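Take a look at the structure below.
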Amino acid sequence: MPDRLRPRALVGALLACTATFLLMSTDRHFGFSVPVGALLVALAALALLDFLGTFRALPADARTPNLFGPRAIELAGSVILCGAVIRLVVAGRLPFGNGGAAFGVTGTLLWLGVAGFRLLAGLGIVDGNEPLHRRFGFWLFALNLVLYVPLLGSYSLSDPWETHYGEVAREMLARDDWISTWWAQENWFWSKPVLDFWLQALAFATFGVRFEPDQMLAGVASGHVPHPEWAARLPVFLLMLPAVYLAYRAVAQRFGARAGFLGAVVLSTAPHWYVIGRQSMTDMPYVAPLTAALACVLLGLGQEPEAEAPTFPVRVGKRSLALGPQHLVLGLVAATVLPQVLYLFSRHLTLQTIGQSHGFRWHLDEILYGSPGNCGLPGNDECRLTGPLDPVLQPGLMALIWLAALAIFLWINRGERRSARLYFLAAWFFTALAALAKGAPGFVLPLVVTLAGIGAARRWRDFARLELVSMALVLACVCLPWYVQMYVRHGPPFTDRLLFHDMYKRAFVHVHDTNTGDDVSFRYYVWQLGYGLFPWTGLCAGGLLLATREGDEARSLRAEALGFLLLWFVVAFSLFTISLTKFHHYILPAVPPLALLTGVLLDRALPERAPTGAGLVAYLTLMAGAALLFLGGVLELGSASIVGRVPPPAASPFAAAVCLAGAVALLVLAMRRWPAADANGNADTRAVLALFGLAGAIVVLLVGRDLASPNDPEGPARLTYLASYNYARPWPPNLDFHGVLGAVTVMAALAGAALSVPRVRHHAAVLVACVSVWAAAWALDVYLVRAAPHWGQRETILEYYKRRKGPEEPLAAYQMNWKGENFYTGNHVPAFVSSGAKFKSWLQEARDTGTRVVFFTTEHSRESTLKTELGKVKRYDKLTDKDFNNKFFLVRVEL
């Protein structure tokens, strides 16, 4: 039971909310408005929980750990330093360029994670007696940091999704409107829900992105090369981390930490996951919460129904309180809802600090139509203030409704201590985030999988424990405020576009389909999962077979977990296979269950007893070194460049022999540290491993043939296509990654085949994992970085800012609508989607007003048309070629 109400805490919550409200109301926003606002919201949420009596008072005890001791100071210091480093990286002011950014951001994030663990250990929330380096969870965290972060923001946002959504997020800040989404040319943007844009805009504001017109890359004029891409992509990574960790915990609960760790490694090194995880597109912001939601459901089903979660005594000032997971769950919901509610209230008050009039101005909801600083520029309408379509349902009125839903949710759950129920509440919170990121799929998938999983296990009583009333309240107050206010502001055109065109019609009608000539039947997503899981493809099929052979879900917790993961895959695969509009990345929700099932299968390939401590570190180091040398040897034999250089270096048989000999030596040393032993699991499981070792090797060879065949110049592009939609976009001829992909194919196939040999099966499983980790590291830090200049516009527009004398030499976008030209210029670019009379009129006006130099960016295929419409000019200099960017080019024209 909760303690009695504490009215004094309510006063603190109201003060924090008032300060946040004033920050949102002011017409001038400061560099640290978002971090300060986030801190105030966190304080308001905690004060609200304290008011409700959720922090149970304990007898004073001097031995109770102090919440705000040295370890809390260390954590706060790590957060501040990490934020400062990222701000310097975004501004291009951190020394040593991309290398400094890689070490600086990765190192400070690692320190932040370690400081967080030390604080939790000091408070007794985690077992401080087990060192950090012995925890699978820590190594999972470190692996994801090292794989994903070092070059996260070092390269261009990719067309089309990243530039599209980045521009919408940039306009949120430029227009100071976090409800109505906008972009140039089409004006209102209604194709996607808002979560991804909120995350990017918050990061832009926090890390100092210069989002104003003509400022995004203008810092290059002062010798600093900005990298706004760090702010665009980092929120997606931070949202992905808890999803991977919770997936690990869900499997670890039933099969042990090692199985959970292996499943999370498979997930983190699957191309579908890491390619989209490196994109600031809407899919990972919906699949990551969806994965976290279903992991929480699985964790909840594994708890005793009435078992209470542990609480931990902490000292805050003179008070001793019981801290527990209920505060994390309820606090997250409150901290997500309060900013939305306060922002809606702030739409009726402007604190004027700019101009001649100062003070408060009360008003009804006002909507800015247009892009400030770019009003009337070709591609942009004139700016004006408008009002909502429905003048009755004002934001303040709707805020009261959502505040009431939050209050009811917190009130009925203020005394909840049962672990299973708290997991279910967390699942519904993540489901609401998924729905806020992608709409119907984010809500339907978790709910259907949960209900089907409980039904398959015949756990009928759990339907009553799912907290469905709380689910409705959480969805209402977390997810609905934006949807409802958008409808109030814009009416049926908004719902017609988002709900009917981009959700209903995409499911039941072909909308914007780019699969002309492809088989879009059942085979389509089998085909794409082959590439999206490479080089795990064959073993993932074995994981599916394992899930069908464990036993009765109603009698075994392990069988229930495998059945739940199998249902998750089947529901996701079926939903998107039935859907008529198909893109390669739509199948991403089916990847996590496949990866987790594969982790369980790999765990069965390993003996129950394994090296520990320094012996395990030495073994893994030797195996990773052997895998790397094997890959290097195969690359040398094939005369391939790891960075895709064309032409590749000449083959070196001597270097290849040295690499392969070294690999064999390291492999022998590793095998001596972990002698042959019986694999974990029963004879049936071992038969599956033997079968799918050979069969999986064949599958990997078939998939690798598509990716690495020299006869298919577009083969390497298949990885990029996992996060794109234009599957006819040509691969740049000056990049050749066939050799690297071929080496990975050979190594993964050989290691997979070795799974069929019982005496070396455990070494083969570890070798497959090492090859996959190296392949993921190469793809994230070489493949994506080298291909990015051809899939984005950063380098082209950066070249413009380097070469122009000043704003008097404008950049114009000719017959383009990719949005990279808008994002990287702060939308300060005359944009001509179609040319003709409007273009010629603008050109003549430029001549009449004395403009002497104009830069143009367009596609290579449109150069002749551009020259024709320019007519006679003094000088035409093409500044970039197809080796620089095979899609777009930059030209300098003297009129």
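The values are calculated or read from the model by the stated rules, or taken from the named source; none is laboratory data. Keep in mind the model is a prediction, meaning the values are calculated, not measured. We place every Cβ from the backbone using ideal geometry, glycine too, and count neighbours over all the protein chains shown. These accessible areas exclude ligands, DNA and RNA; they are computed on the full protein's heavy atoms, side chains included. Shrake-Rupley method; radii C 1.70, N 1.55, O 1.52, S 1.80 Å.
Observations on the model:
- The residues packed around Leu735, meaning those with a beta-carbon under 10 Å from its beta-carbon, carry a net charge of 0 if Lys and Arg are +1 and Asp and Glu are -1.
- Pair Cys375, Val664: separation of 7 Å Cα→Cβ label points (nm): 7.6
- Cα shape, the chain, gyration tensor, a/c 1.5 rule: oblate
- Global form of the stretch 416-485, assessed from the alpha-carbon gyration tensor, a/c cut-off 1.5: oblate
- When you filter the trypsin sites (Lys or Arg not before Pro) in the stretch 284-346 for DSSP loop state and at most 14 other Cβ atoms inside 10 Å of their Cβ, you are left with Lys318.
- Fraction of accessible area attributable to carbon and sulfur, the stretch 634-764 (%, probe 1.4 Å): 69
- In this structure, Phe103 and Ile642 have a Cβ-Cβ separation that, at R0 = 22 Å, corresponds to a calculated FRET efficiency of about 0.55.
- Solvent accessible area, Å² - Arg421, 1.4 Å probe, full protein context: 40
- In terms of packing, defined here as the mean over residues of other Cβ atoms within 10 angstrom, the peptides 40-48, 406-414 line up highest first as 40-48, 406-414.
- Around the amide H of Leu890, modelled in the peptide plane, lie the amide H atoms of Leu879, Thr880, all under 5 Å away and 5 or more residues distant in sequence or on another chain.
- When the listed pairs Lys505/Lys887; Lys805/Lys872; Lys582/Lys838; Lys192/Lys878 are checked against a 25 Å cut-off, the alpha-carbon distance exceeds it for Lys505/Lys887; Lys582/Lys838; Lys192/Lys878.
- In order along the stretch 275-286, phi translates into HN-Hα couplings of 5, 6, x, 9, 10, 8, 9, 7, 6, 5, x, 9 Hz, rounded to whole numbers, per the Karplus curve 6.51 cos²θ - 1.76 cosθ + 1.60 with θ = phi - 60° and x for Gly and Pro.
- Check: the chain dipole with +1 on Lys, Arg Cβ and -1 on Asp, Glu Cβ, in debye: 1420
- Whole-number percent relative contact order across the stretch 1-124, with pairs defined as alpha carbons under 8 Å at least 6 apart: 28
- The chymotrypsin sites (Phe, Trp or Tyr not before Pro) of the stretch 66-158 that DSSP puts in a loop, and whose beta carbon has at most 13 other beta carbons within 10 Å, are Phe68, Phe96.
- Only protein heavy atoms count here; on that basis, with a 1.4 Å probe, Asp61 has an accessible area of about 60 Å².
- Residue-by-residue Karplus 3J(HN,Hα) for the stretch 158-169, coefficients 6.51, -1.76, 1.60, Hz, glycine and proline x: 9, 6, x, 5, 5, 5, 4, 6, x, 5, 4, 5
- Proximal aspartates and glutamates relative to Lys438, as straight alpha-carbon distance under 13 Å, when same-chain residues fewer than 8 apart are discounted: Asp196, Asp283, Asp502
- Summarising the label geometry, the points placed 7 Å from Cα in the beta-carbon direction at Thr516 and Arg319 lie 6.6 nm from one another.
- Global form of the stretch 334-422, assessed from the alpha-carbon gyration tensor, a/c cut-off 1.5: prolate
- Listed residue (Gly820, Thr108, Val149) projecting farthest to the positive dipole end of the chain, Cβ model: Thr108
- Across the chain, C-alpha contacts under 8 Å between residues 6 or more apart give a mean separation that, scaled by the residue count, equals a relative contact order of 15 percent.
- Of Ser346, Ser835, the order by accessible heavy-atom surface (1.4 Å probe, DNA, RNA and ligands excluded), from most exposed downward, is Ser835, Ser346.
- Straight Cα distances below 16 angstrom link Lys874 to the aspartates and glutamates Glu809, Asp848, Glu894, with same-chain residues fewer than 8 positions distant left out.
- A 1.4 Å probe over all protein chains sorts Lys882, Lys438, Lys874, Lys819 by accessible area into Lys874, Lys882, Lys438, Lys819, starting with the largest.
- Sites Arg63 and Arg672 - FRET efficiency at Förster radius 51 Å, r taken between beta-carbons, to 0.05: 0.60
- Across Arg673, Arg847, the residue with the most accessible area heads the list, and the full order at a 1.4 Å probe is Arg673, Arg847.
- Virtual spin-label span in nm between Arg847 and Ala610, 7 Å along Cα→Cβ: 7.3
- Compared with the alpha-carbon gap, the fully stretched path from Arg875 to Leu694 is longer by 58.8 nm at 0.36 nm per residue.
- Accessible area of Phe500 in the full protein assembly, 1.4 Å probe (Å², nearest 10): 110
- Calculated from backbone phi, Karplus (6.51, -1.76, 1.60) coupling profile of the stretch 644-650 in Hz, x at Gly/Pro: x, 5, 10, x, x, x, 5
- The chain: Cys lacking any partner C-beta under 4.7 angstrom: Cys17, Cys82, Cys296, Cys477, Cys479, Cys540, Cys659, Cys770
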